[in-house]
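The values are calculated or read from the model by the stated rules, or taken from the named source; none is laboratory data. What you see is a predicted model, and the numbers here were worked out from it, not measured in a lab. Note: ideal-geometry Cβ built from the backbone for every residue, glycine included; neighbour counts use all protein chains shown. Remember, those area values only see protein heavy atoms, side chains included, never the ligands or the DNA or RNA. Shrake-Rupley method; radii C 1.70, N 1.55, O 1.52, S 1.80 Å.
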Amino acid sequence: PWVSKVWTTVDKHQLSEMTSLIHGKYQHEEAIATASMCETYLIIKDMAQAQEVASYILSEPGCLTDDEFMDKYRKAASPHFDPRKH
């Protein structure tokens, strides 16, 4: 039931053209399976990464630049992911 609940949520995100944030390791089979249900996604591993992504979204002083963000999260993002847009 947990998996179907997650997939239902990411389906709602896709229908609303939202980016899904997935908690897990980008190489883990469950994260990969969940990402396969998403149009646009970013997989974050832990609270430190969540805080780093939030800092980027809020354009806080000292946050990652666009290039630094993509260099760090490229493997954990959907192929067309654009941090300025999604």
With Rg and Dmax of the Cα atoms in Å in mind, check [x] 15.6, 43; [y] 12.8, 41; [z] 14.1, 45 and report the label derived from this structure.
[y]
Order of 73-81, 35-43, 18-26 by packing, highest average Cβ count within 10 Å first?
35-43, 18-26, 73-81
accessible surface per residue for the chain, probe 1.4 Å, DNA/RNA/ligands not counted, whole Å² -> 73
Evaluate the distance, in nm, between pseudo-label points positioned 7 Å from the Cα of Thr9 and of Ile57 along their respective Cα→Cβ axes.
1.3
Per DSSP H run of at least 4 residues, take -39500 (n - 2.57); add these up for the chain, divide by its residues and hand me the 222 nm value, nearest 500 deg cm²/dmol.
-13500 deg cm²/dmol
Distances over 16 Å make up what percent of all Cα-Cα pairs in the range 1-49?
34
What's the ranking of 4-16, 57-69 by average number of surrounding C-beta atoms within 10 Å, highest first?
4-16, 57-69
Could you give me D for the range 42-86, from Stokes-Einstein at 4 °C and 1.567 mPa s, where the hydrodynamic radius is the Kirkwood radius over C-alpha pairs? Units µm² s⁻¹, please.
122
At a 1.4 Å probe, what is the % contribution of carbon and sulfur to the accessible area of the chain?
55
Note on the range 29-80: contact order normalised by length, alpha-carbon pairs under 8 Å, 6 or more apart, percent, works out to 49
Of Lys12/Lys72; Lys5/Lys45; Lys5/Lys85, those spanning more than 24 Å from alpha-carbon to alpha-carbon
Lys12/Lys72; Lys5/Lys85
